[in-house]
Each structure stands twice: as C-alpha cells, then as structure tokens.
Ligand code: SF4
Ligand code: SF4
C-alpha cells in the first residue's frame, strides 16, 4: 500500500452515513414547475437565452456562459418558460437571484443528443463542449471545470490528477452511492480529464468507511494505471488542500491552489457529468443529492435541477417531527435555509433536515481561555483564536495578516472550543466585511476614474472649440491675439475713445480704417450725446 501523508489537525466526527447509504439511488420527481437559477456556479451569471412564452426541450441551453469563468445552464425538462426573474435560491446570503421558471409539459422531450468522439478534438474545442454542457465542480464548490481543465498558461506540467471521493462530511452519502453504482461512468469521465491534462499519475482518494465504493472503483480502475487510495476517515480529508497533502505529501501554499504544486483535483460526481456530456450528449440537468436527517425515508435521489427542496423531501416520506433547521450541505460546512421552496442547484449535494439532537446545542458563550484546542485541530494550520480576536475587534487587516482567507470554514475549531465560541461565524462575518469594503473601494475608484475622464473630455472639447474658432476667423483670432499682447495699448485706446468728442456736423470716417459696425456705434454714441 502506498504511503499517506497525514494532514495537521482534523476531527473524528459522528458519521450518520448509514441513514441514507443503504438504498440505491432513486429517480427524483418530475415537478410541475422548475425554477432554474442562472447562477449555479462560481463566476459570471449565465446570460438568459429564453423569454416568457418560449417552449423548451429537456437539455436545451437556457443560459449561456458569460465570460471565461462561467458555465451554461439548461432546461431540466421540456415545457414552457413562464418567468425570467429573481426568485429565492439556496445561498448563504439568503438573497434571491435571476432564474428561469419552466412549467413542465410532463413529456420530458429531449433535445437531439450528440455523443462526442473527444480524442479527435482539439483540447480547446473539447473544453468548450464541457463549458456549454454546464460542467462545474459538484462537490459543492461549483467552479467551472473547463477552466481547471486548461493548463495552457501554467508553467509547470501536471504531476498528479486527484479524483476526490473522500466525502468526509457527516450525513452526506451521494458520492458513496454514485461510486458504488456508477463507477464505470466516473472512470469514463476521468479518461476525458486525463486526455486533457496528461498527468503523470492519477490518484482516487476515498475514505475507508466506504468499502463498497473502494471495491467498485478499484475494479473499474484495473488496467488503467489509476490508483485508488483508501484514506483514514478523518474530517476534513475531503477538503482539497487536505486531500492533496494526504495523497501526495505536498503542501498547497497558504494563498495558493493545488495547481501551484502540480496537482489538480476534481470530485467524482464531476467526472460522472463529464461522461454523460461526452458519451451521451447530455448537459448537466440533474444531480444525485442526499436527503437525510429527520425525514421518513432518508436516501439519495437523482433529481432534476430546479426541483423545489420541498418536493425532494416529500419523495423521501416528508419531515418527521421536530425539524429545527433545514441545512444545505453537511452540518459542518453547510448553511441554513430560510425556506424549503428553494430549488435544487448543481452545488447542492445534501439536504439535511436537522432536529435539535442533530444540531450542536446552543450553549452560553464564555470568554476565550487561550487553551489552544482550536489550534490543534485546525487543518489549515492557522491560529483560530487570533483570527477570532481580530475579527471580533473589526481589525480586518490584522485578521488577513493571520491568513483569514486560508480558513476553509471547516468548523473544527468551533467544535472543540470549550468556551463554545461560534468561531466560524466570526470568520464569515470578517470575510463578508472585507469583501464589502473591497467592493466599496472598487466603486469609489470607478467613480474617481469617471470624474477624471469627464474633466479630460470637457478640456478636450474646449480645446477643439477654440481650434475651430481659430480656423473660422483667422483675422479675428490674430486681432484677439494682438489685443492680448498689447493690453496696455487697448486700455489707452478705450480711454481715448471714451473721452467726449467735439460734435461734428459733417461726420467723416475717411482714412480712419474703422469697420462698418464701429462706424454705426460711434454715430449712435454721438446721437446719444
Ligand atoms: S478553543 Fe476556544 S477558548 Fe480555546 S483558545 Fe481557541 S477560541 Fe480560545
Ligand atoms: S474553521 Fe478555519 S480556523 Fe477553524 S479550524 Fe477550520 S480552517 Fe481552521
């Protein structure tokens, strides 16, 4: 067995996996109405391609990737678009976002699906197909995969491609079931990744509490050169930097990415969607999601994106009594939802209906006693209590000096703190404040640049006007310039002209060189006198 390289910190958690991993993946419901957010990924929101009244087919692109870091969005079933507007979505901010709402016609009519012979394609063409198929990281991060599959511009060669099947959070079992049941599809998707990235080695990391998944994946990897590695069940082994350390011994730089040490990492479910896109011509319109906790029949559903959580919970027998909180993701890194009417998205790997027993009881918060327990469990090698002090004191610069943004919000520190300080909440608060301040700074800088550009435009227009005037009347300009140069003379002339003149009965302008206008004015002046 190959050597593993344990990461610092981490925790043994109560697993709660058997509640949902005993039954095979079930198909999700076909809802009457689906709400499909146009932002289901990190990066720019997809650009809507449909409007109210349009008929759509299952798999039709309804949102186009807008920019390099973006991904396409597709209709999960056939029907009619009844709205394109902002709706509640599952996001920690609780803010609504732009969605395409589709009323299903119940027929599930597909677009024409075209499998792809990917080995014949140029890499950029292949990446474009994946981008247009809406492939993003399904482990929860939802980062567009086409970007991670592009190494052009990187100095180094890819040493290791890691497929992440660790699934370390308690309660979540969707990857476990996917590996057990669809290992062939996962490996087919992995072949596409290998074709694009040409890594020196391929490692598949799976926690050792999933023996069936390890067996299924090992069987499919026979003869491929890919190595399945069983890793100890220790939270958060599925977090990217920790898995990279575990499998390769490499430390990802504090502010860096695994690619900085020659490693790229993808979730097993992402590999499966690549297989569906390439071998079946199907974009990402569904995902396997764990529905668990206080529901009557916990399990895993292969559900259409856009399905309301309430219908998924209904399919799992509905809520049992005393559900305190609905969480998207696991209990450690997930977030609470305000409603079960929000739709399933690509990032949603788990819906946890938590009762009071499942939640960490809220206990009175005491002052930090500097015990150092949080430091011992922090897998990111941070000083959680220092981060806490600075976040609490709103000393955000200092919090950043202590690498606030390297905190993966795993919750290990909060879990062991004897003073019950909700440490992660302080870090999230500090991060949000820093992002808000950055936004304000960017806005102020934009306003300053606009103001500067306006001043420059006004000055340019003024100079252009003056140039035009000079072109139109060179004589006048010359005179104006003369006047400018001989200001003293002009004053003398004006004083002389202002002096009372003797009345002349026979006005004569001969030889004076005055213009017609000046003559008239002078005449009028005499009349006034
Ligand atoms: S575990 Fe809690 S009490 Fe102990 S040092 Fe960290 S923040 Fe302070
Ligand atoms: S939440 Fe952040 S600070 Fe706390 S243990 Fe995890 S990585 Fe460390």
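Bear in mind that the values in this text are calculations on the coordinates, not laboratory data. Just so it is clear, the model here is predicted, and its values are computed rather than measured. Neighbour counts are summed over all protein chains in view; Cβ atoms, including those assigned to glycine, are modelled from backbone coordinates with ideal geometry.
Of note:
- In percent, rounded to a whole number, the relative contact order of the stretch 117-350 is 25, using alpha-carbon pairs under 8 Å and six or more apart.
- The Cα atoms of the stretch 15-118 define a convex hull whose projected area, averaged across directions, is 9.7 nm².
- Considering only alpha-carbon pairs that sit under 8 angstrom and 6 or more positions apart, the relative contact order computed for the chain is 16 percent.
- With both labels modelled 7 Å from their Cα along Cα-to-Cβ, the residue 473 to residue 33 distance reads 7.0 nm.
- Highest mean first, the peptides 276-286, 342-352 sorted by other C-beta atoms within 10 Å per residue fall in the order 342-352, 276-286.
- On the basis of the beta-carbon distance and an R0 of 51 Å, residue 120 and residue 449 show a calculated FRET efficiency of 0.60.
- The Cα atoms of the stretch 367-465 define a convex hull whose projected area, averaged across directions, is 7.5 nm².
- Paramagnetic label zone (point 7 Å from Cα along Cα-to-C-beta, residue 212; backbone N under 14 Å) in the stretch 283-312: 299-301
- Shape parameters for the chain, alpha-carbon atoms, Rg then Dmax in Å: 34.8, 126
- Full-stretch length increase - residue 369, residue 320 - with 0.36 nm per residue and alpha-carbon distance subtracted: 13.7 nm
- Relative exposure of 250, 245, judged by other C-beta atoms within 10 Å (fewest first): 250, 245
- Neighbour counts of other Cβ atoms within 10 Å put 454, 131 in the fewest-to-most order 454, 131.
- Extension gain (nm, one decimal) between residue 381 and residue 157, 0.36 nm per residue minus Cα-Cα: 77.9 nm
- Efficiency of FRET between residue 438 and residue 458 - r from beta-carbon atoms, R0 35 angstrom, step 0.05: 0.70
- Extents of the stretch 230-319, taken as max minus min of Cα coordinates on every principal axis and listed largest first, are 45, 35, 26 Å.
- Potential lengthening between residue 395 and residue 112 on full extension [0.36 nm per residue; Cα-Cα distance subtracted]: 96.3 nm
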